[in-house]
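Report on the following structure.
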Amino acid sequence: MDYPGNLFVVAAPSGSGKSSLVKALMEVDAGVAPSISHTTRAPRGQEKDGREYHFISDAAFDAKVAAGDFLEWAQVHGKRYGTSRQAIEDRIGAGGDVVLEIDWQGALQIKQLFTNAIMVFIMPPSWEELRARLLRRGEDAPEVIELRLANARTELAQAGHFDYVIINEIFERALFDLKAIVHAQRLKYVAQKRARADTFQALGIA
Ligand code: 5GP
């Protein structure tokens, strides 16, 4: 499927700092919009329905799957998560950029549908640091943390399917890397030609 906007797909084991990085990217770059996923998990901490996620019941999730409302969906840490089709197709179809913060299973499904999607994988610098971050976050029960660490092994094994890898050791450095990927994408010939059509025309470039 071809479209004028950029679709960035960011995946990482939980605790890699993915959400903070994507949030920071959007604070400095108004051109990138998030996609609010639907999930069957309960809100954590300060999370608000419609902001981090649309929190829905299993039955409501089933209905959305049946209606074809999701571009992709996957079971992650025992709960289901899905990406809404309409909002994303509308935005990238109109030339806007979207960032999807999803798990690797969803990321690979998206790559099948949108072959031009830019795939970014974020890694923690070490197992010790990953565990420490999950504990520090203080949002999950110990058994949930163990499940997330076990899942991280499977998730890290998928890094080879991605175009870019960011090792989130120092937050500012990782944010710089993420911004660089987004920026480089916008400097590609087709993107520049689209964004600066007048300049191309004035220079006589067909
Ligand atoms: P959390 O429960 O920590 O917010 O998210 C757990 C995992 O589910 C993270 O890896 C997150 O990126 C992923 N996730 C969030 N939304 C979606 C989605 O719409 N689809 C898929 N496949 N994964 C998602």
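The values are calculated or read from the model by the stated rules, or taken from the named source; none is laboratory data. The structure displayed is predicted, hence computed values, not measured ones. Using ideal geometry, Cβ is built from the backbone for each residue, glycine included, and neighbour counts are taken over all protein chains shown.
Side notes on the structure shown:
- All conditions but one from (1) more than 14 Å from the ligand (Cβ to nearest atom); (2) touching a residue at least 24 places away in the same chain (Cβ under 8 Å); (3) closer than 21 Å to residue 33 by Cβ; (4) surrounded by 13 or more Cβ atoms within 10 Å (Cβ to Cβ) apply to residue 81; the one that does not is (1).
- Some residue of region 96-104 being surrounded by fewer than 16 Cβ atoms within 10 Å (Cβ to Cβ) and either in contact with a helix residue (DSSP H, G or I) (Cβ under 6 Å, 6 or more places away or on another chain) or closer than 17 Å to residue 17 by Cβ (or both): no
- Out of 92, 118, sole residue that is closer than 30 Å to residue 173 by Cβ, in contact with a strand residue (DSSP E or B) (Cβ under 8 Å, 6 or more places away or on another chain) and modelled with pLDDT of 95 or more: 118
- Restricting attention to region 1-15, the residues that are in a loop (DSSP other than H, G, I, E, B), within 12 Å of the ligand (Cβ to nearest atom) and among the small types (Gly, Ala, Ser) add up to 3.
- Residue within region 182-194 that is assigned to a helix (DSSP H, G or I), without any contact (Cβ under 8 Å) to a residue 40 or more places away in the chain and under 18 Å from the mean Cα position of the chain (by Cα) present: yes
- Taking region 117-139 as the range and being exposed (fewer than 15 other Cβ atoms within 10 Å of the Cβ) and touching a residue at least 40 places away in the same chain (Cβ under 8 Å) as the test, the residues that pass are 125, 137, 139.
- So residue 72, is it near the ligand (Cβ under 9 Å from one of its atoms) and without any contact (Cβ under 8 Å) to a residue 24 or more places away in the chain: no
- Condition met for residue 49 (farther than 28 Å from residue 166 by Cβ, among the charged types (D, E, K, R) and free of Cβ contacts under 8 Å to residues at least 12 places away in the same chain): yes
- When restricted to residues that are within 7 Å of the ligand (Cβ to nearest atom), assigned to a loop (DSSP other than H, G, I, E, B) and not aliphatic (A, V, I, L, M), region 84-113 contains 1.
- Selected residue (criterion: farthest from the ligand (Cβ to nearest atom)) from residues of region 16-38 that are part of a loop (DSSP other than H, G, I, E, B) and closer than 21 Å to residue 55 by Cβ: 36
- Subset of region 160-172 [among the charged types (D, E, K, R) and surrounded by 12 or more Cβ atoms within 10 Å (Cβ to Cβ)]: 163, 169
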